[in-house]
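Trainee: Pasting a structure below so you can have a look.
Nothing in this text is a laboratory measurement; each read-out follows from the coordinates by a stated rule. Note that this is a predicted model, so its numbers are computed, not measured. With ideal geometry, Cβ positions are generated from the backbone for all residues, glycine too; neighbour counts draw on all protein chains shown.
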Amino acid sequence: SQVASTNGDKGDLRLETLTKEFGTFTAVDAIDLVVPQGHFFALLGPSGCGKTTTLRMVAGLETPTSGHIMLGEREVTYEKPYRRPVNTVFQNYALFPHLDIFENIAFGLRRRKVSDVREQVGAMLSLVELESQAKKMPSQLSGGQQQRVALARALINEPEVLLLDEPLGALDLKLRRAMQIELKRIQTEVGLTFVHVTHDQEEAMTMADTIAVMNAGVIEQMGPPSVLYDNPATTYVANFLGQSNLIAGEIVGNDADSLVVEMQGTKASIPRDRAHTDSGAGWVGIRPEKVLISEIDGVLDAPGSRIAGGVISDVSFVGVSTQYLVKMPWGQELMVFEQNTGHRGLFQVGTPVDLSWHPEYAFLLDADQDVE
Ligand code: ATP
């Protein structure tokens, strides 16, 4: 399409020891990251972690205290916002209320006195699937449609990087889910770098090629969604992206591919590439859906690490799965999510059970961290 063909020789976005202090408070603390050209990148973290400040520095709306912002070979750290090849779509995507959809999208082109306005706006309307709405006024569109107009209005300026600051925050849940898929489709089609700020882990996982998890001004971990989920490096990431069981243990053995951890009287094996500490105390982590429940002396096959002496303390049926809490002899309640395939009955509260998991699913985290 015309839009994709405008995407020529563009560079990676690079943040180097980027720092922002407000008085004595460090909102962004020497972060380093590279967003390869054409990637969908998500900055994920709770309110106040510094993600919006990071985005505003890239946009030029906030001056860094120190560090560098590079676009390809070009340093833009102190450049004026309008000189940067960067556009932002905000949550409150104020469209011009007195202009129709066509003119809202055409606005940037008219200012630049571009000659083929009709063709370019037509291509944009088609990209965001709003061809039939061109003559309508913003107030006549739904929230999701208005959001797509805001996106088209930003994309038509041909930025190298599009920044999205909680762009779906104002939409209801169902529309949000639909727009996540839509945004991902559009990003793939135009091939531009998108940097998306969100506190919603499911949103980040749905859309992003790479997620950076931010916490208190620093990046805790960065990688593809599946790596962050399957192999979290910190307790913070383990709990922020989904839910984790974290069981206190002590490293007692060490071989080529795995570590052996003594955990509440049993031994667990952890693959070396999922061990984020290599001596002393650690947290053995296992996702609730990776844990198998079996009745004591049950016939279920239970490979790998096995812990005995649990008692079912809570059962919640949630449609696709059943979620159990299992009280262990040392007092901790572990979570087990079992897919509802219709093959098995529910375990009742009070049933004594064993828990087990395949060793390859476990991870090991440094004990020197808080567990929320
Ligand atoms: P949210 O999703 O709530 O916007 P965030 O992760 O985007 O959160 P930031 O907006 O980047 O967080 O703010 C990070 C921290 O910096 C917060 O503690 C905030 O109070 C502080 N902060 C942001 N802007 C300023 C400012 N202009 N002056 C002083 N402190 C600020």
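Trainee: Filter the stretch 196-213 down to the residues that are assigned to a strand (DSSP E or B) and among the β-branched types (Val, Ile, Thr), then identify the one that is farthest from the ligand (Cβ to nearest atom).
Mentor: Among residues in the stretch 196-213 that are assigned to a strand (DSSP E or B) and among the β-branched types (Val, Ile, Thr), the one farthest from the ligand (Cβ to nearest atom) is 210.
Trainee: To continue, here is another question. Can you spot a residue in the stretch 176-195 that is within 16 Å of the ligand (Cβ to nearest atom) and touching a residue at least 40 places away in the same chain (Cβ under 8 Å)?
Mentor: Yes, some residue in the stretch 176-195 is within 16 Å of the ligand (Cβ to nearest atom) and touching a residue at least 40 places away in the same chain (Cβ under 8 Å).
Trainee: Could you list all residues from the stretch 15-28 that are surrounded by fewer than 16 Cβ atoms within 10 Å (Cβ to Cβ) and within 15 Å of the ligand (Cβ to nearest atom)?
Mentor: Those that are surrounded by fewer than 16 Cβ atoms within 10 Å (Cβ to Cβ) and within 15 Å of the ligand (Cβ to nearest atom): 21, 22, 23, 24, 25.
Trainee: Confirm whether residue 361 is closer than 16 Å to residue 284 by Cβ, among the aromatic types (Phe, Trp, Tyr) and surrounded by 17 or more Cβ atoms within 10 Å (Cβ to Cβ).
Mentor: Against the criterion (closer than 16 Å to residue 284 by Cβ, among the aromatic types (Phe, Trp, Tyr) and surrounded by 17 or more Cβ atoms within 10 Å (Cβ to Cβ)), residue 361 qualifies.
Trainee: Looking only at the stretch 216-243, which residues are within 24 Å of residue 16 (Cβ to Cβ) and of a type in the set (Ser, Thr, Tyr)?
Mentor: 234, 236
Trainee: Give 76, 161, 117, 86 a once-over and let me know the one that is touching an Asp or Glu at 6+ places or on another chain (Cβ under 9 Å) and surrounded by 16 or more Cβ atoms within 10 Å (Cβ to Cβ).
Mentor: Checking each option against the conditions leaves just 86.
Trainee: Scanning for something part of a loop (DSSP other than H, G, I, E, B), within 23 Å of the chain's Cα centre (by Cα) and either within 16 Å of the ligand (Cβ to nearest atom) or basic (Lys, Arg) (or both), does the stretch 74-91 turn up at least one residue?
Mentor: Scanning the stretch 74-91 turns up at least one residue that is part of a loop (DSSP other than H, G, I, E, B), within 23 Å of the chain's Cα centre (by Cα) and either within 16 Å of the ligand (Cβ to nearest atom) or basic (Lys, Arg) (or both).
Trainee: Now for a separate question. Name every residue in the stretch 197-239 that is over 25 Å from residue 67 (Cα atoms), surrounded by 18 or more Cβ atoms within 10 Å (Cβ to Cβ) and hydroxyl-bearing (Ser, Thr, Tyr), in order of residue number.
Mentor: Passing the criteria: 229, 235, 236.
Trainee: Can you tell me which residue is surrounded by the most Cβ atoms within 10 Å (Cβ to Cβ) among those in the stretch 46-73 that are within 13 Å of the ligand (Cβ to nearest atom) and β-branched (Val, Ile, Thr)?
Mentor: 54
Trainee: Turning to a different aspect of this structure: Give me the pairs: first residue in the stretch 43-68 and in contact (Cβ under 8 Å) with a residue 60 or more places away in the chain and of a type outside the set (Phe, Trp, Tyr), second residue part of a loop (DSSP other than H, G, I, E, B) and more than 11 Å from the ligand (Cβ to nearest atom), beta-carbon distance under 9 Å, and six or more apart or on different chains, which are they?
Mentor: Partner pairs satisfying both residue conditions: 44/208; 44/241; 58/76; 58/84; 59/84.
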